[in-house]
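Encoded as C-alpha cells, the structure appears first; notes follow it.
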Amino acid sequence: MADVQAIAKRIVENVERVIVGKKHPVQLTVLGLLSQGHMLIEDVPGVGKTVLAKSLSKSVGCKFQRIQFTPDMLPSDVTGISVFNQKTREFEFRPGPIHAQIVLVDEINRATPKTQSALLEAMEERQVTVDGTTYPLGTPFMTLATQNPIEYEGTFPLPEAQLDRFMLRIKLGYPDKSEEIEILNRQQYTHPITKLEQVVSVEELLTAQEAIKEIYIDEQVKQYIVEIVRQTREHPDVYLGSSSRGALAIYRLGQARAAMFGRDFVLPDDVKALATTALSHRIIVGPAARIKDVSPDEIVKEILERVPVPGAQAVG
C-alpha cells in the first residue's frame, strides 16, 4: 500500500498549497476520489469550495468542467443535446459539461428538480442517455457539488435519491485568525492555484483506485458497519435512515483511509472516523426531533457510542 499512500500524500500536500488549514476536509476529498465516489460540499460562500475542486483537478491532471446551476437550466444543458447537421442530414451529439473527469456542480440546489435529475444516471452509472442513446463518461469520474446551507430563497432542496448518491458530505468552515492571515499573504500578488502543478498522473490515480479494493476488511468490521447503518433506520428520532449505499460508502472509504495511512487492513477506528460524514446526509430527522433541533450528526455520534466496537471487551 506504499504506492497508494505516496499518491494520496502528494495530492493532499499539493492541494494544501492552496487550501489553508483544512487538512481533514482535504483528506476526505482525496478519500472520495480514491474511492470513486461523489462529494457534496455544503458551506457558506467564500470558504474555498470551488477552489478545492479546481485544486484537486489540477493535482491529478483530470479534465475539469464547471456547471453553474441556475433555475432556468435544462437537463440538456448538463448532459448534451443532439443537433441536426444540415450538411450531413444527420443528428450529431454535442456533449454537455458532464462529459469530463472531475465536474464541479456549483450551487446544485439552485436548479429545478428536473435539471437535478440529469445527474442521477451520471453519478450512479457513469453514463448519460440522450434521445435513447447511451454515452459512457470518462474515467475517473467524480462529481463535486456545492450548496449554501444558509440561503433558501430561490433554491430547491435536494431529494433523498440525489443526496444518497453522494458518498460523503463535508464542510470547510471559516479559517482561524492565523490561517486567514496566511491566506492574505499567499494571495498578495496572485492566487496560488495559478501556479499549482500536476503531481499525480491519471494512470497512477486509476491504479490506486483499483489497489484500494484489495484492502482487507474483517468480517467483524463488516458487521460493525452494517449494524451502524441499521441503527440509523431504527433510531426513534429518525424518519428515514441510511440506505445500503451508506454501508457501501463506509466500506470503500474505510479501505481508502487504511491505504492512505499505510495499512492493508481496515480498523474500527476508520469506520468511526468516516461514519458521520458518510451517513448524516442520508438521514431524515423525524418531525418531533426536528422541533427539538436534533441534528443527523448528533444521531450518528450517539449510535457510534452505543454500538459495540469489534474486539472491545466489556469492563465490570
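Does Leu274 qualify as being among the aliphatic types (A, V, I, L, M), within 16 Å of Asp164 (Cβ to Cβ) and not assigned by TED's automatic domain parsing to the domain that holds Leu31? Here the answer is no, as Leu274 does not meet what is asked. Of the helices (runs of 4 or more DSSP H) lying entirely inside the stretch 242-316, those containing at least 1 residues that are over 28 Å from Glu13 (Cα atoms) span 244-260, 287-291, 296-306.
Within the stretch 130-143, one or more residues are assigned to a loop (DSSP other than H, G, I, E, B), in the same structural domain as Lys49 (by TED's automatic domain parsing) and farther than 20 Å from His38 by Cα.
Once the stretch 148-165 is narrowed to residues that are under 30 Å from Glu210 (Cβ atoms) and assigned to a loop (DSSP other than H, G, I, E, B), the residue that is nearest to the chain's Cα centre (by Cα) is Arg165. Would you confirm, using the coordinates I've provided, whether Leu172 is assigned by TED's automatic domain parsing to the domain that holds Ser117, in a loop (DSSP other than H, G, I, E, B) and not basic (Lys, Arg)? Answer is yes for this residue. With respect to the conditions (1) assigned to a helix (DSSP H, G or I); (2) at pLDDT 90 or above; (3) over 18 Å from Glu204 (Cβ atoms), Thr50 lacks only one, and its number is (2). Among the residues making up the stretch 77-107, those that are over 30 Å from Leu206 (Cα atoms) and outside any loop (DSSP other than H, G, I, E, B) are Ser82, Val83, Phe84, Asn85, Glu90, Phe91, Glu92. Could you tell me which residue of the stretch 277-313 is farthest from Gln223 (Cα to Cα), considering only residues that are more than 25 Å from the chain's Cα centre (by Cα) and among the basic types (Lys, Arg)? The qualifying residue farthest from Gln223 (Cα to Cα) is Lys292. If the condition is being part of a helix (DSSP H, G or I) and closer than 24 Å to Thr194 by Cβ, then the stretch 16-26 contributes Lys23, Pro25, Val26. Checking each residue in the stretch 136-147 for being surrounded by fewer than 16 Cβ atoms within 10 Å (Cβ to Cβ) and either at pLDDT 90 or above or under 17 Å from the mean Cα position of the chain (by Cα) (or both) picks out Pro136, Thr139.
Whether any residue in the stretch 108-120 is part of a strand (DSSP E or B) and buried (at least 17 other Cβ atoms within 10 Å of the Cβ) is what I want to check. For the stretch 108-120, residues part of a strand (DSSP E or B) and buried (at least 17 other Cβ atoms within 10 Å of the Cβ): absent.
The values are calculated or read from the model by the stated rules, or taken from the named source; none is laboratory data. Because the structure is predicted, anything quoted here is derived from the model rather than measured. Here the Cβ is made from the backbone with ideal geometry for all residues, glycine too, and neighbour counts use every protein chain on show.
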